[in-house]
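Here the structure comes first, spelled out in structure tokens, and everything after it is commentary.
Readers should treat all values here as calculations from the given coordinates under stated rules, not as data from a laboratory. What you see is a predicted model, and the numbers here were worked out from it, not measured in a lab. Here the Cβ is made from the backbone with ideal geometry for all residues, glycine too, and neighbour counts use every protein chain on show.
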Amino acid sequence: MELTVETPMNQVQAAAKALPTIRPYIDKGIFNLGLEHYNLALHDGTFHKEDLMCLEENGVSRYVTGLNEFAPEIKKLPIEQREAKIKEIRTIVSQLERELATNIVEVDDEDFWAKVKLLRPDNHEFWGKISLRCGNTPVFLDPLGNPHDLIKICAIEAGGFSMIAPTYEYARSQHKPPKFYLDKVAETVATKTEVKKMRNKAKAELQKLYDKNINKLFYVLKIIDLNSIQYKKSTPNDTLYDNADIFIEGDGSESNERKAAQSFLDVAKLDMETLKVRAIIKDATFLNVIIQKPDGFVYHRSTNVLLGRGPADITEYLKNPLNDEILSDILKHVEKQWNQ
């Protein structure tokens with residue numbers, strides 16, 4: 001039961017605002033053969049087709065439909081949730097039986113499943129024909145007008161198609177996300193708005209630093225930019241602002257917009273002493289003023305004093321007043337670079 005869509009452009013535009021839609025999931029921070037740079041999930045003109053997932057255990061096959069009240073995931077629910085879910089499943093199945101098999105089965109019938117003809121969990125002839133075909137073009141589903149689309153939505157939400165995430169949020173949370181996700185407008189907009197809000201918050205913080213504390217912005221960039229050595233005291237303020245803005249937009253060393261904005265906010269919240277010391281450590285490492293030895297620890301090159309294993313250890317070491325002499329020596333070399 002393959003889904004194909006041929007919809008005029010004006011209908012597509014209307015559907016995009018109202019109907020659940022299967023969309024390609026694209027994250028520019030996750031490598032996908034370079035296709036992510038062109039807002040593509042697959043090579044142009046190609047498609048992925050998948051049959052409804054069928055699990056086999058002890059010789060018994062079970063389709064992941066979202067419409068089986070006997071499925072293990074339903075049985076594991078707390079009793080109140082389970083009863084509500086069973087009622088929801090039976091309501092949908094009753095509706096589909098009427099529309100697809102002209103079979104009237106009441107939701108509260110004691111012999112409900114005995115009277116179901118088409119959507120029985122063990123009807124392999126029916127469920128074995130359910131499939132989806134997706135590409136770079138959105139696939140619009142109409143659960144009110146097309147009973148087969150309702151079936152597909154229920155299956156997607158239950159995890160019945162491995163290539164399609166049930167929500168945008170779920171796709172985003174996966175280390176290796178599916179190629180597609182089910183876009184239910186209100187849910188997806190809320191998730192995407194969250195990223196925009198975070199980005200706007202980061203830009204507001206950037207503007208505040210630019211207007212009132214340009215020195216702090218200098219140190220922030222030293223930490224968030226991989227090429228920290230490029231920033232000197234003579235670097236124009238507008239360059240600092242522009243590079244920070246590029247980073248927040250996800251066009252810098254961190255391509256994930258959410259992570260970029262959050263990273264900027266986290267660093268900007270640090271106190272000036274911590275910021276300056278971390279900036280010193282980063283550039284001192286580049287200049288080989290401090291070095292990491294084979295034992296995994298970092299040492300002050302000229303005195304061979306052990307500073308710590310990682311940035312956090314070294315920061316605390318250099319912030320300790322007892323180690324001011326080491327800090328002063330490191331700072332002398334770093335500031336020579338900064339003042340060029």
Practice problem: Could you calculate the FRET efficiency of N146 with V107 from 1/(1 + (r/R0)^6), where r is the beta carbon distance between them and R0 is 25 Å, rounded to 0.05? | Solution: 0.70
Quiz item: Given 0.36 nm per residue, what is the gain on full extension from N58 to V305 after removing their alpha carbon distance, in nm?
Solution: 82.6 nm
Quiz item: Per-residue ellipticity at 222 nm for the chain, helices alone: DSSP H runs ≥ 4 residues times -39500 (n - 2.57), over residue total, nearest 500 deg cm²/dmol?
Solution: -15000 deg cm²/dmol
Quiz prompt | Efficiency of FRET from Cβ geometry, R120 and R98, R₀ 25 Å, rounded to 0.05 | solution = 0.95
Practice problem: Give the calculated FRET efficiency between E80 and T137 to the nearest 0.05, with a Förster radius of 45 Å applied to their Cβ-Cβ distance. | Solution: 0.60
Practice problem: Averaging sequence separations of C-alpha pairs under 8 Å and six or more residues apart, then dividing by the length of region 218-340, give the relative contact order as a whole percent. | Solution: 24 percent
Quiz item: If contacts are Cα pairs under 8 angstrom and at least 6 residues apart, what is the relative contact order of the chain in percent?
Solution: 16 percent
Quiz item: For the cross-link pairs K203/K259; K282/K336; K208/K259, which exceed 24 Å when the distance is taken from alpha carbon to alpha carbon?
Solution: none
Quiz item: How do T65, T285 line up, fewest other C-beta atoms within 10 Å first?
Solution: T285, T65
Quiz item: Relative contact order, percent, of region 9-191 when contacts are C-alpha pairs under 8 Å separated by at least 6 residues?
Solution: 33 percent
Self-check item: Using distinct alpha-carbon pairs, which all enter the 1/r mean, Kirkwood radius of region 34-115 in Å
Solution: 16.0 Å
Quiz item: For the chain, with only Lys/Arg (+1) and Asp/Glu (-1) charged at the beta-carbon, what is the dipole magnitude about the Cα centre, in debye rounded to 20?
Solution: 1180 debye
Self-check item: Where Cα atoms sit under 17 Å apart: lysine pairs in region 9-191 separated by 8 or more or lying on different chains
Solution: 15
Quiz item: Fully extended, how many nm does the chain gain between K176 and K49 (0.36 nm per residue separation, minus their Cα-Cα distance)?
Solution: 43.8 nm
